[in-house]
Structures are given as C-alpha cells and as structure tokens.
Amino acid sequence: GYIQDRFLRLLAGRRRRRAPLIHRGYYIRARAVDHCVQDFLLKTQSLPRTQILSLGAGFDSLYFRLKDMGLLHHTVVYEVDFPNVACQKATLIKRMKELSTLVGDTGGEGLGAITFSGEDYKLLGVDLSELSELERTLEEAGLNNEIPTLFIAEVVLTYMENTRSDALIQWAAEHFPQACFLVYEQVHPEDPFGRVMQQHFSQLSSALHSLAQYPDCEAQQRRFLAKGWTECSVMDMNEFFTCCIPEDEQQRVQTLEPFDEYEEWHLKCSHYFVLAASKGMEPSWTPLLPSVAVPHHAGPVGMAGSVPAAVCARLSGISGLRRYGHHSVLVKPNVILTTGGFGEENGQHCRMRNFHVLSKHAGYWKAVCVTQNIPDKRWGERLYHTVSCLSDTLALVVGGRTSPSSAGLGMLWLKFPETCNASDPDDVAVELVSLQPAAEAAALRWRHSTTEITFKGERYLFVYGGRSALEPVLGDWYFLHTPELSCTAIAVEGPVPESRHSHSACSWEGGVLIAGGLGAAEQPLGSVFLLREIEHGFQWQTIETHPPLVPRYSHTAHVHEGKLLLVGGVWFHASSVPGITVIDLLTGLCLDYVINVEHLEWPLMLHNHSSVFLPNEKQLLVIGGGGNCFSFGTHLNAEPVALSLSSILSSH
C-alpha cells in the first residue's frame, strides 16, 4: 500500500513482505524520483516534444506507469542498462501482453544494442562508462539533442569510477542545450551509519565511488555547477519527506503498518539525497522547492570542543551488553543493572531475557549475566521500558513493549540482595506489580520516561509521554506515590509541553527536566521544560537555551551541578552526529561537544543506548546502542564506552 504500481509485479517478480523500515526506505526513493519526473512533465507539457533518458534503468516500471497515466503525449523514454539486463527486460516485455500492448511494438528490436524499440520507448544495452558507445547508440535510437531532456540516475553514478561519472554529467550538459538531471544516491560516508553502509556495499563488491570525492550534498551541488549545469538544488530525504510530501500523505504512510524504527528511518534518510540540476530551461526547473516552510538547521553545528571516548578495560567479549532499546540504572555506587532490549546473545539476535550486572572493583569494571527468578519469561523481554531504583534492593520496571503492535507489559518489581554485584551475582527476583486500575494506563506505554520527584516532602514517580499501540505519541503524565504506587492527582499549571516520546527526563531540585523527543509528525523537538514544585502543586516552565538546542531524540541525559548533559541521540543535521551537549540551567547557555572516537575500532552509534553518570570520576559510561541500519545489517556497539567529561565540567 505504500506505492500504487500495477506493473511492479510484472517486472519485479514475486511480492515479498519486508520490514516496515525497508518499505518506508523504498517508498521515499520512489516518491522522490516520481515527484521530480512528474514535475518535469508538467512544466514541459506545452512544448511539442520532450524526452527522458533513464541511466541504469534496471527493471524500473517508470515508462509503463507514465504511459498508463496518460502523461507521455509528446515524450519518448529511453532506458539504458548493461546489455544482459536490457535483453532480459526486452524479453519480459515481449512475453507479457499487459506490457507489450502498452508500448505498441514496432518490431525494431534486436538491432545491435537496441534491444527493444517502441514508438515512445527505447531500451538500449550499453555500458554507461563507455561514453562514445553510449552516444553512438543513443543517436542510432533517435535521441534528439535539441529538445528538452530529463536525465535520471537513480543510484547509478556512484557505482561508476568518478572520472567516468563526471564525464557523463559534463557530456550531458555540453550536448543538450535544454536539460534536467535527476540524481538519487548515498551521502555522508564517514559517520557511524555511513561506515556501516559503506562496509555493506564493499562486501557486495560494489563499492560506492562517489562518496570519497563528494561526501555531502554541498559537494554534489558544486560538482554539477562545475560540470556545466547552471542551476542545482539538493535535499536529503529527511528534508524531502518533510518539505515536499503533503501532510496528509505523510500521515497515510506513517499509519500504514505498526512502526517503531524512527532512529533507523531518519538515519537512512539523512544518508540519501535527491538532486535536481538544469540548464537552458524556461521557466527554470525547480522541483525541490519546499511546499511548506520548515525551520531548517542547514549550517553545521558549532562544536565547543571534544570529549575522549575509551573502551572500558576488561569488559570486552561480553556479548550480552551488545543491545539496544534496553535500560541501565545505577543500583548503588559502582553497581549497574542492565535489563531488556534487543541484541546479541550466544551469537543470536533476539529480545534480551537476561539481566546484566556491571560492578567496579579495584578500579576495573566487571560484568556478569544474572538469571531472573521469574514466573513468566515474557515479563523480562521488553524494549523501551524504564527502570527506577527506589532503594539499594528494589527497582521498578515501567512499560515497554515486545512488538510495536503489542499492548504495554505492566510494571515489575525487581528485588536484589544487599550484596548484589558482579563478583557475587545473586539472582534478581522479579514480581508483577498488582496495580490499581487508575495507575494501569501509566504502564501501557513505551519510549516514555519515569522520574523521581518530591512533593510536600513525599516521594513520587512521574511517568510522562511515550507512545502506545494505539497512540503514536502521548503527552499525558501520572504521579505515582511510592512505594505503594497509588495514582495521585496533583495540580499542574503552566504551558503543557507538546506530546513526545524518546525524550530525556532527569530529576532536578525535586522536579523534573524534560528535553527533546520526537513529536507528533515524527519531527524531532528542541524544547527543554522544567516541571517544578510550587505551593499547591507543580508548574511547567520553559527553559530558553541559546543558541537554541538542536532538535533531537533518542538521547540520554544527566544533571550535574546545575548543568544538563545530553548524550547522543538522532537529529536532522546531517553534517555531524550528536555528541555531548551541555546546557547551563542558570544561564541557558548551550554548548555542543564532539565525541573523539579515534581510539575505538568500531563505529559508535549513540542512539537507543543507555548511559550512567559517575559524578566522582566525572565520567559517563555508555552501554549498548545501535540498531538496524536499513538493509545494511544490524550494528550493535561492541562494548561499553567511557567518556571522560572532566575537561568540559571543570568549574569555569
């Protein structure tokens, strides 16, 4: 249901259901190309003749779709691919009545490189990197240099050597006075997702050549302007989805099937771009003009400095800490409990059933897997839950999910002995909390936050936001009085924050600090709120940051001496990945620091991770993180990483 195309099954063979993330990824690609092609046909509809030249067309159904929609009154479509691909496609078209009748076969096929020739459709078998042969075959097939021509290169140029793809771009500009060029391909090779993406294509023996020379959208734009094109606009897919797809269509796609892979979706979209270049077109061809004005953070994020990252000594090889969507909590000094998530156990990818305890002895961290005394195994297998420690021996698990269509999983008590640590890992007893009906809704959510607050000297847990199987984003909250977890009504005034999930929440001065998150239209938020105690209840206050906080989500957060630390996350700024952001809660000053990963041998993905702040050492321990990198494989951070913050938290 993502794309309507009755020719797909004829050309692409059997239908296969894939992961929702893959469906969305191919939807945005098809949508971007269609958007630009139809814009070209619309802008040139009054002209007597135009043509489309699709380079490396493969088994694309574009011609048949356009013909079927009645959009090719005066346009001839030329498709070029390797001879074996073109021959296969020609055979397929002749064999399928639905396709051949649409083309109206003129019997001119089989002449050298021209494998199929219809009145307005020519299929050519030529290697694109052999420019003189391409030129000769196109001429033979009737391509006319004098009429407006749209070139399409959908994930094609990057597989050619740069000198050859550059020559092709320049040839098109030099030989066609009125021309448009549409490109869709990869970008940003050097960040963690980009490294996983590159590795995937290298393993397939089809390396991406463009990336080293043209690593970002600006470089691609300069490339086309330098090769003879006079106008060129470019957008990554996050920008395209937000700016060029109507809101009702965005909503339709977002609700087609249960979806919970926002981080991977936005990272995939920031690693692909669509480019539209033109020359000699009157009026000029600008298919990538935003139809909606979106606050665009185009410039690079200014970095105030860097934070060194180091692998925690003696922790390597513990597979259970390779996970994402889990939760880690400091149970007592030097003892960290990690629960839930999805990851790798005994070489298998699965929902994580076992708990892990990390503890520090004589300066070294040690990890051990802990079994649970648990009546029902499903209780423990959850993602995107929260864990709150109420004492050295008691913690509360709230919410979480198994699959995105599953209802919430209730609350669990975790009880551990006084002596719990990695040297003496006694079992953790797990009990289902029997909740009062009023508090049940608090547990039917995931990607939420649970934070300890105080009201009139009493301790409460503040459960806020998240999402559920029915609601893609929640903005409600609950005050649960501890330890019996009764749902208490407390008055809250002030401007209510917009609904969000995957935000961060920290206890501060008896209240709670909420930062960032993903909002209603799957757009990252840059707001920071303080819920603070007032005489008869609480009040929401906005904390103004300057420069404004770059919107982000899926980060973690900690407070230290009046400073809010945000760790990692996902944002739409493709020029860099989020590192550590420090917000001074008194002045609102907001500083970004890059994480220096030169001593890590693997890409550090800072989303869906957990982190624990160790105030004495001024150190952050990052545990797990990563996810599915589109169709490029799953990347899980190999081991816990220590970030030293002493230089950025010094008391200047």
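The values are calculated or read from the model by the stated rules, or taken from the named source; none is laboratory data. All values reported here derive from a predicted model rather than from experimental measurement. Cβ atoms come from the backbone with ideal geometry, glycine included; neighbour counts cover every protein chain shown. All accessible areas refer to the heavy atoms of the entire protein, side chains included, with ligands and DNA or RNA removed. Shrake-Rupley method; radii C 1.70, N 1.55, O 1.52, S 1.80 Å.
Scan the range 581-628 for residues that are part of a loop (DSSP other than H, G, I, E, B) and among the small types (Gly, Ala, Ser) and jot them down. Talk me through it step by step, then tell me what you get.
Within the range 581-628, the subset part of a loop (DSSP other than H, G, I, E, B) is 585-588, 597-609, 615-618, 624-625.
Across the range 581-628, the qualifying residues are Gly588, Gly624, Gly625.
Would you say Glu264 is at pLDDT 95 or above and either open to solvent by 60 Å² or more (accessible area, probe 1.4 Å) or on the phi < 0 side of the Ramachandran plot (or both)?
In short, yes.
Does at least one position in the range 149-162 carry a residue that is closer than 18 Å to Cys217 by Cβ and buried (at least 23 other Cβ atoms within 10 Å of the Cβ)? So that I can check it myself, show each step before the final result.
Narrowing the range 149-162 to residues closer than 18 Å to Cys217 by Cβ: 153-158, 162.
If we keep only those that are buried (at least 23 other Cβ atoms within 10 Å of the Cβ) as well, we get 153, 157.
Yes; the residues of the range 149-162 include at least one that is closer than 18 Å to Cys217 by Cβ and buried (at least 23 other Cβ atoms within 10 Å of the Cβ).
Condition (residue is of a type in the set (A, V, I, L, M) and at pLDDT 95 or above) applied to the range 608-619: is it met by at least one residue?
Yes, the conditions are met somewhere in the range 608-619.
Just name the residue that is farthest from Glu493 (Cα to Cα) out of those in the range 443-479 that are of a type in the set (Ser, Thr, Tyr) and open to solvent by 40 Å² or more (accessible area, probe 1.4 Å).
Thr454
Please verify whether Gln199 is touching a helix residue (DSSP H, G or I) at 6+ places or on another chain (Cβ under 9 Å), on the phi < 0 side of the Ramachandran plot and buried (at least 18 other Cβ atoms within 10 Å of the Cβ), treating the condition exactly as stated.
no
Looking only at the range 598-631, how many residues end up being surrounded by fewer than 19 Cβ atoms within 10 Å (Cβ to Cβ) and more than 19 Å from His356 (Cα to Cα)?
Of the residues in the range 598-631, 11 are surrounded by fewer than 19 Cβ atoms within 10 Å (Cβ to Cβ) and more than 19 Å from His356 (Cα to Cα).
Just to verify a result, which residue in the range 112-131, among those that are of a type in the set (Ser, Thr, Tyr) and modelled with pLDDT under 95, is surrounded by the most Cβ atoms within 10 Å (Cβ to Cβ)?
Going through the qualifying residues, I end up with Thr115.
Please enumerate the residues belonging to the range 1-38 that are open to solvent by less than 50 Å² (accessible area, probe 1.4 Å), closer than 25 Å to Gln88 by Cα and not assigned by the TED database to the domain that holds Thr91.
Within the range 1-38, Asp5, Phe7, Leu10, Leu11, Gly13 qualify.
Given the criteria touching a Cys at 6+ places or on another chain (Cβ under 8 Å), under 20 Å from Ala277 (Cβ atoms) and not aromatic (Phe, Trp, Tyr), does Val187 qualify? Steps first, please.
Numbers: touching a Cys at 6+ places or on another chain (Cβ under 8 Å): yes; under 20 Å from Ala277 (Cβ atoms): yes; not aromatic (Phe, Trp, Tyr): yes.
Yes; evaluated as a whole, the condition is true for this residue.
Filter the range 422-442 down to residues that are in a loop (DSSP other than H, G, I, E, B), at pLDDT 70 or above and touching a strand residue (DSSP E or B) at 6+ places or on another chain (Cβ under 8 Å), then give me how many there are.
Final tally of qualifying residues: 4.
Out of Ala309, Ala313, report the one residue that is at pLDDT below 95, open to solvent by less than 10 Å² (accessible area, probe 1.4 Å) and among the hydrophobic types (A, V, I, L, M, F, W, C).
Step by step, each of Ala309, Ala313 is checked, and only Ala309 is at pLDDT below 95, open to solvent by less than 10 Å² (accessible area, probe 1.4 Å) and among the hydrophobic types (A, V, I, L, M, F, W, C).
Out of Gln523, Gln541, I need the residue that is polar (S, T, N, Q), in the same structural domain as Thr581 (by the TED database), open to solvent by 30 Å² or more (accessible area, probe 1.4 Å) and under 20 Å from the mean Cα position of the chain (by Cα). Which one?
Only one candidate passes the filter, namely Gln523.
For Leu643, are the conditions met, namely being outside any strand (DSSP E or B) and of a type in the set (A, V, I, L, M, F, W, C)?
Criteria not met by Leu643.
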